[in-house]
Amino acid sequence: MLLSLNLINKYLNSNFLVEDVVNSFVDIGIQVENYYKIQRDYSNIRIGKVVFNEKHPNADKLFVCKVDFGNEILQILTADESVKVNDIVLVALKGAVLEVDGKKIVIDVRKMKGMESYGMMLSTNELNWNNVKAIGDKVAKFNFDYKISNSIGKYLKDVINEEDYIIEIQPFANRPDHLGFYHILKELSVKLNTNIIELPVIDVDNINNGNINFDIDIVTDKCRFYSGIVFDNIEILPSPIELQLLLNNIGIKPINNIVDITNFVMYELANPLHAFDFSLVGKKIVVKKAKDGQILAALDDKDYTLSDDDIIISNDNDEVLALGGVIGSRKHSVFDNTNSILLEVANFDPVSIRRTSKRLGIYTNSSKRFEKDLPVYYTLMAYKRASFLIKQSLPNSNIKLFISKPKKEDLQDFESFIGFKTIEIDLSKIKKHLGIEDLELSEVRNIFNNIGIIYESNNVFKVKTYRKDLNYWWDLAEEIAKIKGFDFFKNKALLNYKPYNYFNPTKEISLKLERDFRECFTNNGFVSVIGYNLLNSQYLKLFDEKFLELANPMSY
């Protein structure tokens, strides 16, 4: 899992150094594998708007453009015939240094066929933005990007960050929540004593579905929950540059605004999402087992032969729209001309996903998450969050339909179904367990505020949480210990012990001395190891001749 320092600081409304974040991760038990800096040079690159364009009078393949930078208009020549008036472009001015295909190019004023060019309009390749998509194959146009379009005249470095740090962590098997960075930042915010932003969402549960003839049918117990949201008036565009650069930095290839939002929400909240072109879906989504021999034409440009152990998303025509929880069909995905989408947010059985993924050799970001047994609660968060981001990105889009179905229509305990559980404990037990007599309930509430909901009744409280690793009161005590940190506990290692006369030891006192020393070291971060002392006599001769040789040794 790759985390962006810029994004961490954005969500925490702070400006922490990478060392602060990495050390805090380590303190709360998150395994940091590595961190590194990403640096780009945007010096002398400026945002401009094309206000004039005509053919060069002395060259058939050159065009003369006037680019407005707010306080000045400069003449820029280009060979890209697709550049039009009102295009938003990035221009490297005199002194800019570009690195293209491993070679450095220094920009200067150039005379081209008798006319001067005061800069160079850039492509994404010349910006060294690998995989980043813009309008146009040569000169990149950024009309689609609200932030850049509203920054005419500004230097790029003042609009897009030139540097970031990427922190690589290794989530533990029992922490599927750590596959969503927002869940990780909840813990980090408590450790760093700051507040995490509340994610803006749209509550789509009360959407009026009108007269749209569409339904969802779950006919396998391998799908626990399936939600579908239909948007119309969709325009498929490149995502904002900041989002594309972020996805690129964390190892996710940008595709388009809709697919990038589904990938970002998966990265943010752990639950995968998928978007279909709604015009290609039909009148019904059917979640069921595949038939032996059915073929999936997958998004990775490969065709897979399915078995009845696999979960498929199909329609009323029995077409395979997706391999549930693993990968979608390239025939029913989002295309450049898509104007309505079905956003899928579902929850699948982890064992089934693991078997399918392993048998077919398909390991996607989606399958890796569903294998970890995500709680259904994540789907409720994901579809509300994704709906907000789609509406924010495309204000003219409309939510036309929302259907959400569990595999069981009659749920006796909805909270248990979506993954919530309640742990009741006595604060006195935590105090005794941790050795913190002055631990106040208000402090515990503050620590657990980002884990669950606390209900107080005298000195007994309940925590409601969706985390897989929290099941008993001592799990919660461990969370307090992680937030308090090693420095808090290290000076308490030998506080309560009875004095003994170690200079005239009895057998019992000698054992006590040995135990005290062992506990002292282990309480201060050392590891106690009991070695195997029945060794081959030839090995022991390397160290000392004084050893006891057994007639029936365990090894030779």
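Before moving on, here are some points about what is shown:
- Test result for Ser428, closer than 30 Å to Val219 by Cβ, of a type in the set (S, T, N, Q) and either surrounded by fewer than 18 Cβ atoms within 10 Å (Cβ to Cβ) or at pLDDT below 85 (or both): no
- Exactly one residue out of Gly251, Gly293 is closer than 30 Å to Glu163 by Cα and open to solvent by 20 Å² or more (accessible area, probe 1.4 Å): that is Gly251.
- Scanning the range 17-46 for residues being over 30 Å from Val139 (Cα atoms), open to solvent by 50 Å² or more (accessible area, probe 1.4 Å) and out of contact with any Asp or Glu (no Cβ under 9 Å at 6 or more places or on another chain) gives a total of 6.
- Pick from the range 127-174, criterion assigned to a loop (DSSP other than H, G, I, E, B), within 30 Å of Val26 (Cβ to Cβ) and of a type in the set (S, T, N, Q), ranking: modelled with the highest pLDDT: Asn161
- Yes/no for Leu411 being at pLDDT below 85, among the hydrophobic types (A, V, I, L, M, F, W, C) and open to solvent by less than 20 Å² (accessible area, probe 1.4 Å): no
- Strands (runs of 3 or more DSSP E) completely within the range 309-395 that count 2 or more residues being within 24 Å of the chain's Cα centre (by Cα): 320-323, 340-348
- Criterion (of a type in the set (Gly, Ala, Ser), touching a helix residue (DSSP H, G or I) at 6+ places or on another chain (Cβ under 6 Å) and either open to solvent by less than 20 Å² (accessible area, probe 1.4 Å) or closer than 21 Å to Gly48 by Cβ (or both)) met by exactly one of Gly119, Gly153, Gly136, Gly180: Gly180
- Qualifying position, being surrounded by fewer than 23 Cβ atoms within 10 Å (Cβ to Cβ) and over 17 Å from Lys289 (Cβ atoms), among Leu343, Leu360, Leu380, Leu374: Leu380
- Count of the range 199-236 residues which are in contact with a Phe, Trp or Tyr (Cβ under 8 Å, 6 or more places away or on another chain), open to solvent by 40 Å² or more (accessible area, probe 1.4 Å) and outside any loop (DSSP other than H, G, I, E, B): 2
The values are calculated or read from the model by the stated rules, or taken from the named source; none is laboratory data. Computed from a predicted structure; not experimentally measured. FYI the Cβ positions are ideal-geometry reconstructions off the backbone, even for glycines, and counts take in every protein chain you see. With ligands, DNA and RNA removed, areas are computed over all heavy atoms of the protein, side chains included. Shrake-Rupley method; radii C 1.70, N 1.55, O 1.52, S 1.80 Å.
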